[in-house]
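Take a look at the structure below.
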Amino acid sequence: QGAAGKVEGTIIHKQLRGDDVVVIRVKTDGPFEYRAGQFANLIRADGLTRSYSIASIPQDGVVEFQVRKVPNGRMSCWLYDEATEGARVTLRGPAGDCFYVDGKPDQPLVLVGTGTGLAPLWGVARDALLQGHRGPIHLFHGGKNLSHLYLHDELRALTRNALDGLRLIA
């Protein structure tokens with residue numbers, strides 16, 4: 001990572017999900033070391049900065065954010081309505097203690113989040129499985145309505161691929 005934990009990057013993927021969620025993936029110009037579930041500051045060209053949980057795992061090769069569009073939110077509205085693939089941003093960080101800690105592979109994990117609180121849990125669950133976690137992983141994702149369960153299909157696929165290592169309660 002560059003000076004003070006900052007690295008420049010490019011939005012290479014943007015997808016609107018549900019009624020008010022945008023998923024963006026940033027390809028960084030240099031290394032950005034993080035653990036799935038941590039958060040980073042996303043900085044646009046004019047200096048506006050917001051913190052978002054990282055939804056990806058380092059093996060993805062990109063940094064993914066899942067952002068809910070907040071009414072009058074300067075960054076979330078920009079990401080949802082205006083940002084395009086190819087837009088340049090800066091990442092600063094990472095920070096936070098929400099990540100998978102290995103060493104107890106048979107211990108049950110309980111992950112609970114609503115709305116885009118799923119973002120770090122998506123990364124943590126994938127990281128735990130990648131690291132060979134054997135214990136049950138219970139992931140609970142809630143929302144005001146079905147459109148807020150924006151990764152439902154991906155979670156179902158992860159459950160199938162994990163050979164029953166992950167139980168999804170939506």
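The values are calculated or read from the model by the stated rules, or taken from the named source; none is laboratory data. As the structure is a computational prediction, the values presented were derived from the model and not from experiment. Positions of Cβ are generated from backbone atoms using ideal geometry, with glycine treated the same way; all protein chains shown enter the neighbour counts. In case anyone asks, the SASA skips ligands and DNA or RNA and just uses the protein heavy atoms, side chains included. Shrake-Rupley method; radii C 1.70, N 1.55, O 1.52, S 1.80 Å.
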* Kindly check whether there is at least one residue in region 56-69 that is over 14 Å from the mean Cα position of the chain (by Cα) and not acidic (D, E). => yes
* Structure fact -> Scanning region 1-22 residue by residue, those among the aliphatic types (A, V, I, L, M), touching a residue at least 40 places away in the same chain (Cβ under 8 Å) and over 16 Å from G86 (Cβ atoms) turn out to be A4, V7, L16, V21
* **Every residue from region 24-58 that is touching a Leu at 6+ places or on another chain (Cβ under 8 Å) and over 11 Å from G123 (Cα atoms)** => I24, V26, T28, F32, A40, N41, L42, I43, T49, R50, S51, Y52
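Looking at E64, E8 in this structure, which one is surrounded by fewer than 23 Cβ atoms within 10 Å (Cβ to Cβ) and in contact with a helix residue (DSSP H, G or I) (Cβ under 9 Å, 6 or more places away or on another chain)?
E64
Inspect all residues belonging to region 68-84 and state whether any of them is part of a loop (DSSP other than H, G, I, E, B), open to solvent by 20 Å² or more (accessible area, probe 1.4 Å) and in contact (Cβ under 8 Å) with a residue 60 or more places away in the chain.
yes
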* Could you list all residues from region 150-162 that are without any contact (Cβ under 8 Å) to a residue 40 or more places away in the chain and outside any helix (DSSP H, G or I)? => A162
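For region 87-136, enumerate the residues that are hydrophobic (A, V, I, L, M, F, W, C), surrounded by 14 or more Cβ atoms within 10 Å (Cβ to Cβ) and not in a helix (DSSP H, G or I).
Of all residues in region 87-136, those hydrophobic (A, V, I, L, M, F, W, C) come to 87, 89, 91, 95, 98-99, 101, 109-112, 118-119, 121-122, 124-125, 128-130.
With the extra rule that they be surrounded by 14 or more Cβ atoms within 10 Å (Cβ to Cβ), the set shrinks to 87, 89, 91, 98-99, 109, 111, 118-119, 121-122, 124-125, 128-129.
Once the filter is applied, which keeps residues that are hydrophobic (A, V, I, L, M, F, W, C), surrounded by 14 or more Cβ atoms within 10 Å (Cβ to Cβ) and not in a helix (DSSP H, G or I), region 87-136 yields A87, V89, L91, C98, F99, L109, L111.
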* Considering every residue within region 138-149, establish whether at least one is over 17 Å from the mean Cα position of the chain (by Cα) and assigned to a helix (DSSP H, G or I). => yes
* Before we move on, is R25 in a strand (DSSP E or B), within 11 Å of the chain's Cα centre (by Cα) and of a type in the set (D, E, K, R)? -> yes
* Where G37 falls short, out of the listed (1) at positive phi; (2) out of contact with any Gly (no Cβ under 6 Å at 6 or more places or on another chain); (3) buried (at least 16 other Cβ atoms within 10 Å of the Cβ) -> (2)
* To do: Consider G30 carefully, then state whether it is of a type outside the set (K, R), part of a strand (DSSP E or B) and more than 29 Å from S147 (Cβ to Cβ).
  => no
